[in-house]
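Worksheet: one structure, shown below.
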Amino acid sequence: MCKKKPYLLSSIREGARLGIQECRNQFKHERWNCSILPSIYTSSSSLSLSVLSSALASAHSIFGYELTSGTKETAFISAVTAAGLVHSVTRSCSAGNMTECSCDTSLQNGGSPSEGWHWGGCSDELQYGMWFSRKFLDAPYKNSSDSDVLSAMHLHNNEAGRLAVAKLMTVDCRCHGVSGSCAVKTCWKSMSSFEKIGSYLKDKYENSIQISDKLKGKVRRKEKNHRKIPIKKEDLVYTNRSPNYCVEDRKLGISGTHGRECNRTSDGPDGCNLLCCGRGYNTHVVRHVERCECKFVWCCYVRCRRCESMTDVHTCK
């Protein structure tokens, strides 16, 4: 795919960056904080081009154990990277960076003139982005010699990520009229911010469904009592329960929570009690020095005071 469509490499890289960044953003306060292997960083502390270019196709090089563990975390990684690729390719299409796709022109003549609005502008067309994401990400699992449950799980969660982008499409409008009146509106469809898509997928992660490790044509719930309840395409699914991520396990690539900063007053996942797994926490005082109460002095410089503040920082034992 990369050889056939080299002009899409920048979109693949951006899709990987979006997925990784949003994964880390959504899990930054949790025991599993979407940790990625340190070897993929360059000296400038940014994700290297070569890694990002292949990140979506071989995410194992970034996430290690998590991509093959079959856990809820695996499900989220699949969904968010698939969504990231749709988002970046579609954005590139709308920007006119590619000859194979552009804006969604099917809407142009529609609307409701009687209600004072019509379709116009440049609507994001997901069709090409969805197609490329399926072609690029699903092939390794579809072509797998053994049709195992992990491949079926990846395929399902990849599609759930893509559907999240489609589901959260919004309608934006611009007013036209004399003196700023809104006599006529031109409207177009656009994708939601990736942060909103990430938040939606995080909610799906929280409510993900455990599936049976025995395939019978399609994925099905592990709990026999609930098998009559259908699994929706937008649901995230997993096969194995997650480890607690409390203790470091180098073999599995789990970094543990030792040394992580926690919030002593929070009852949420970032609270010292939950994040530190009951081991307790250390407290140390950090001194902050910054410029403050700055004033402009005629002429021509700014005079500031030097302010100091002390903050308690709590880290897990």
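Taking the criterion of being out of contact with any His (no Cβ under 7 Å at 6 or more places or on another chain) and crowded, with 19+ Cβ neighbours inside 10 Å, the only residue of the range 164-184 that qualifies is Ala164. Screening the range 222-250 for residues that are under 11 Å from Gln210 (Cα atoms) and among the aliphatic types (A, V, I, L, M) and picking the one that is modelled with the lowest pLDDT gives Ile231. Of all residues in the range 75-92, none satisfies the criterion of being at pLDDT 95 or above and charged (D, E, K, R). Note on the range 129-171: among residues that are part of a loop (DSSP other than H, G, I, E, B), modelled with pLDDT under 95 and not small (Gly, Ala, Ser), the one that is farthest from Asp213 (Cα to Cα) is Met169.
Residues are listed down the side, and each one gets a yes or a no for (1) surrounded by fewer than 13 Cβ atoms within 10 Å (Cβ to Cβ); (2) in contact with a Leu (Cβ under 8 Å, 6 or more places away or on another chain); (3) at negative phi:
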| position | (1), (2), (3) |
| --- | --- |
| Asp235 | no, no, yes |
| Thr239 | no, yes, yes |
| Gly256 | no, no, no |
| Cys262 | no, yes, yes |
| Asn273 | no, no, yes |
| Cys292 | yes, no, yes |
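The set of residues in the range 193-226 that are part of a loop (DSSP other than H, G, I, E, B), surrounded by 15 or more Cβ atoms within 10 Å (Cβ to Cβ) and either out of contact with any Ser or Thr (no Cβ under 6 Å at 6 or more places or on another chain) or outside the structural domain of Ser151 (by TED's automatic domain parsing) (or both) comprises Ser208, Ser212, Leu215, Val219.
The values are calculated or read from the model by the stated rules, or taken from the named source; none is laboratory data. These numbers come from a predicted model, not from an experiment. Don't worry about glycine lacking a Cβ; one is built from the backbone with ideal geometry, like all the others, and counts go over all protein chains shown.
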